[in-house]
Each structure stands twice: as structure tokens, then as C-alpha cells.
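**Q** Dropping the structure in here first, questions after.
The values are calculated or read from the model by the stated rules, or taken from the named source; none is laboratory data. Here the structure is a predicted model, which means the values were calculated and not measured. Heads up, the Cβs are rebuilt from the backbone with ideal geometry, glycines too, and the neighbour counts pull from every protein chain shown.
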Amino acid sequence: MGEFGKLDLQKEVNPFFIYKRLLLNSPTVYFLYQIDYGFWYVMRKIHIRYPEIDVTGAVFGPRLSVELYQRGGNQWPQNVPIPVDLFCTPGMSGVTIDGAARMTAVPVKNAKLQNIIYPFRDNFELYVSGQNLVTPTDIDIMIIGFMVPVESQYQWEGSFNNG
Amino acid sequence: MIVKPFSQKIDPEKVFEIQNFQYQERLLMSDTIGAGTTRLGRVAVSNIGHFFCQKITGTFTSLAIAGDTGFDYLSGQLVDGAGNRKLYNDRIPFSLWLTPGRRRSTAGGTAGNSLFLPIEFEYLFTANSEIQLDVANTSDAANQYEICFHGIRIISDMVVRNRISNSGNGAQVRRSAYQPNRRG
């Protein structure tokens, strides 16, 4: 395992859900979350929703896509950005947005299992593209995953140029 | 006696042995959140043993003064009461992590959904602790929710000792509880 540390499954593995709402104000927007010290993060599923209809009934008809990037391993686990509703839930089906930017409570169904592991201090990175900078304005992203503790706190031993 | 309901042998004696000390259980948390307020929902794990949560399901209402609008007004952050460990990074809108999710309220609105796929949430809540949910309601009307935690109750040593001392067949229970691997 080297400088990323050995997993310690005897310690408590705890679920950790990560949520952010992104404002779609540039051609590509970034969902970034730095994994805590001392833990690996096993990402299991992604729940994403965004509106297709506004409160006036105007249909946006957007086709947003997402890309995952594993910075620790420098890997792009897809060839091109993938439309949200092909591997996430609930997507945009039936989602409207009101004047206070609240979205319809559509049900979550089944999302594709991801099972991607991020070592500690890695960034969870997800890029959203495909909007026309007018609509939609917001996207909700939630990650279902688990924090897995590592045996040693390598970051305190100088192996990351901090000692 | 050996029962073979499917292709698997089931030994009732061993099954009952296990069920005495760990069994499926569900804990329900339900609450009503006033308009525009936050509130901490609690459910006690109780002192009979630890609770290993495996799945979460839940429903909630989407009421506003204008009626049942169907919008997502409730959001919450789950917390392990022992040590105050936050299990979400922020309050998350209920419809993103609860199935079946929104349900029709007494004010009407469109129909809700049926249970689809319980959300995976494997975590050990210790005996005597609390499962806490910090909930915010952004609506101008009160909203309700019910969340069910599905898991396994793992009876604590203290309860096991009490059961043994209260049992008419203490020797057998004691042997099965503490030397499970030595039985044929």
C-alpha cells in the first residue's frame, strides 16, 4: 500500500454521505470534495437530480452529463461525459424547480454501483457539462459511500514532504 | 430434527441459539417539523444491545400553505449520538436518500410511490446511544417524516447473563452462548 497506508478493517467503517448543490454558471462546473486524513473513501453510488421544467411550465430539456476523475490514480473511468440518468438516480424526470430553488421530491430508484476507492487526501472530483448557461441553474449531487480507516497516519511521518 | 425448506439444511436448535442473541430489528423515527424551523429527531438504541443498521427507508410530506406542492422542503443530517459523529457532510434533501420518499398528505396532492430500493447504510450504533437526525423545514407549513432503520440487534453481554440466570435451562444456554464453535 506504500504511502497511502494499509486499510484497517478492525476499526470502525462508517457510512458517509456527501451532498452539494452546484450552481451551473460556467460550461463545466466542478464537484470537489477532499477525503479526510486517515480514511479511504469507498464511493458506492451517486444520486443526482436537476430540473427539466421550471415553475412556469417552461421545459428546459437539458441533457447534462458527468465525468468522474480519480486524481490519485490519474484515471478517467469513462471515455466521454456520460448523461446523468444513465448511471445515477433520479436524474431529471419530473423534476421542477420553484422560485426558492427547491426541486420536486421525485423518488430515488436504483443507481449503478460504482465501487471506486479514493485514498485519503485524494480529491473526489466530478465534472458536470452540457448546460446552455441559461437553464437549468442548479444541480443536486449526493454521494453514497463509506469511510474506511487506515492503520497508520502516514501524513504525520514525513512521507508527504510535511515532516 | 433437520428441516430442509430449500436446498439448505437448517438446524432449528442452532437457529434458535443465534436468534437468542442477534435478530432482525427495525427502529422507527418519526417527527413533525414546524414551518421554517429546525429540529433534532431522536430514536434511542436502548440498553438491550447494539444495533447494526444495514438499510434506511423513509417517507415525508411536502406541504406548504398553498397545499401539497410536491417540492422537497425537508433536509436532514444523520448523527451518531455516541460521540456526536456526523454521518453526512451537510443536511441532505430527504428525497435524495429516502425511498419510497414523498407521500401524499392529508391536503391531497399527487400520489406517492411504493418502496423501491432501501438505501445502503451499514453502521453500528452502540447500546444506550441515540440515532439523531438534524432536520430543517424550509416550507411555510409543518411537515412530517417517518424513517425506518433496518438492521440487526446484537444483544449485549449483560443481557445475555440476565437471560442465563433467569432461564430454566441455564446450562444449555450458557454453553451455546459462550462456546458456539465447540458444538457439533
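**Q** Can you tell me which of (1) farther than 27 Å from B:Leu115 by Cα; (2) at pLDDT 90 or above is the one A:Pro77 doesn't meet?
**A** Condition not satisfied by A:Pro77: (2).
**Q** Take the residues in segment B:114-124 that are outside any strand (DSSP E or B) and at the interface with chain A (Cβ under 7 Å from one of its Cβ atoms); name whichever of them is nearest to B:Phe51 (Cα to Cα).
**A** So in segment B:114-124, the residues outside any strand (DSSP E or B) come out as B:114-118.
This time we only want the ones that are at the interface with chain A (Cβ under 7 Å from one of its Cβ atoms), so: B:116-117.
Details: B:Phe116: 24, B:Leu117: 21 Å.
Result: B:Leu117.
**Q** Output the residues belonging to segment B:67-97 that are of a type in the set (S, T, N, Q) and more than 8 Å from every other protein chain (Cβ to nearest Cβ).
**A** Step one: of segment B:67-97, the residues of a type in the set (S, T, N, Q) are B:69, B:75, B:77, B:84, B:89, B:95.
Answer for segment B:67-97, where residues must be of a type in the set (S, T, N, Q) and more than 8 Å from every other protein chain (Cβ to nearest Cβ): B:Ser75, B:Gln77, B:Asn84.
**Q** Next up: Which numbered condition trips up B:Glu146, out of (1) at pLDDT 95 or above; (2) touching a Phe, Trp or Tyr at 6+ places or on another chain (Cβ under 7 Å)?
**A** The failed condition is (2).
**Q** Somewhere in segment B:104-113, is a residue assigned to a strand (DSSP E or B) and either at pLDDT 95 or above or among the aliphatic types (A, V, I, L, M) (or both)?
**A** There is no residue in segment B:104-113 that is assigned to a strand (DSSP E or B) and either at pLDDT 95 or above or among the aliphatic types (A, V, I, L, M) (or both).
**Q** Kindly provide the set of residues from segment B:81-103 that are part of a loop (DSSP other than H, G, I, E, B) and free of Cβ contacts under 8 Å to residues at least 24 places away in the same chain, ordered by number.
**A** B:Gly83, B:Asn84, B:Asn89, B:Asp90
**Q** Look at segment A:82-112 and say how many of its residues are outside any helix (DSSP H, G or I) and either more than 7 Å from every other protein chain (Cβ to nearest Cβ) or at pLDDT below 90 (or both). Lay out the reasoning, then the answer.
**A** Looking only at segment A:82-112, we keep the residues that are outside any helix (DSSP H, G or I), and these are A:82-83, A:87-112.
Remaining after also requiring either more than 7 Å from every other protein chain (Cβ to nearest Cβ) or at pLDDT below 90 (or both): A:82-83, A:87-101, A:111-112.
Going through segment A:82-112 one residue at a time, the tally reaches 19.
**Q** Answer yes or no: is there a residue in segment B:98-108 that is surrounded by 24 or more Cβ atoms within 10 Å (Cβ to Cβ) and within 7 Å of chain A (Cβ to nearest Cβ).
**A** yes
**Q** Pick from B:Ala111, B:Ala35, B:Ala66, B:Ala107: which is without any contact (Cβ under 8 Å) to a residue 24 or more places away in the chain, of a type in the set (Gly, Ala, Ser) and within 18 Å of A:Arg102 (Cβ to Cβ)? Spell out how you get there, then give the answer.
**A** On the way: B:Ala111 fails: within 18 Å of A:Arg102 (Cβ to Cβ); B:Ala35 fails: without any contact (Cβ under 8 Å) to a residue 24 or more places away in the chain; B:Ala107 fails: without any contact (Cβ under 8 Å) to a residue 24 or more places away in the chain.
Unique residue meeting the criteria: B:Ala66.
**Q** Another question, then. Looking at segment B:32-64, which of its residues are part of a strand (DSSP E or B) and surrounded by fewer than 18 Cβ atoms within 10 Å (Cβ to Cβ)?
**A** To start, the set of residues in segment B:32-64 that are part of a strand (DSSP E or B) comprises B:32-33, B:38-44, B:49-60, B:63-64.
The answer is B:Thr32, B:Thr38, B:Arg39, B:Leu40, B:Arg42, B:Ala44, B:Phe52, B:Gln54, B:Lys55.
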